[in-house]
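Some notes on the structure that comes next.
Quick note: the coordinates plus some simple rules give every number you see, no bench work behind them. Since we're looking at a predicted model, the values are computed, not measured. Note that we place each Cβ from the backbone using ideal geometry, even for glycine, and neighbour counts take in every protein chain shown.
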Amino acid sequence: MDCKETQHCIHLFLRDELDGSTAQKFVEHVHSCNECMEELTIEYLLSEGMSRLENADDIDVQKELEEMLDRTIIRVRRKKQLKAGLFLLASMILSIILLGGT
Ligand SMILES: [Zn+2]
């Protein structure tokens, strides 16, 4: 994913509307690209921060954003593990059926 694509995806990411593999590429890119991380931070501030400014709480944007990025990666990984687990289960059942048939 290049910078243009990544920045195009920022709004979708903040609304949690990216699909798994796109979200993973997105997170990988912002972690390795300061420019896009900066852009994401600004957009995050605009979408999240402004609505909370009236509460006057200290907003640790960098930390919140990191947590959001981590959550995305964890969710994508879990989905992959689930798929791998199902595949393993299916092949086990299949071999039981095949062995049982002989
Ligand atoms: Zn970039």
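Anything in the chain that counts as a DSSP H helix reaching 30 Å or more along its axis (C-alpha) with Kyte-Doolittle mean of at least -0.5? List them, would you? Membrane-span-like by this criterion, though nothing is claimed about a membrane: 61-101. A helix-only calculation puts the chain at -26000 deg cm²/dmol for mean residue ellipticity at 222 nm, using -39500 (n - 2.57) for each DSSP H run of at least four residues, averaged over all residues.
This ranking places 47, 32 by how few other beta-carbon atoms lie within 10 Å of each, fewest first, which gives 32, 47. The length gained on full extension between residue 70 and residue 87, counted as 0.36 nm times the residue separation minus their Cα-Cα distance, comes to 3.5 nm. Multiplying the residue separation of residue 96 and residue 77 by 0.36 nm and subtracting their alpha-carbon distance yields 4.0 nm. Look at the alpha carbon pairs under 8 Å that are at least 6 residues apart: their mean separation over the length of the chain gives a relative contact order of 27 percent. By the Cβ distance rule (another cysteine Cβ under 4.7 Å), the unpaired cysteines of the chain are 3, 9. Put simply, the Cα atoms of the chain extend 71, 32, 19 Å along their principal axes, the longest span coming first. As a rough guide to protection, the peptides 18-29, 80-91 ranked by mean Cβ packing within 10 Å, highest first, stand as 18-29, 80-91. Segment residue 19..residue 43, full-extension length gain: 6.7 nm, with 0.36 nm per residue of separation and the alpha-carbon distance subtracted.
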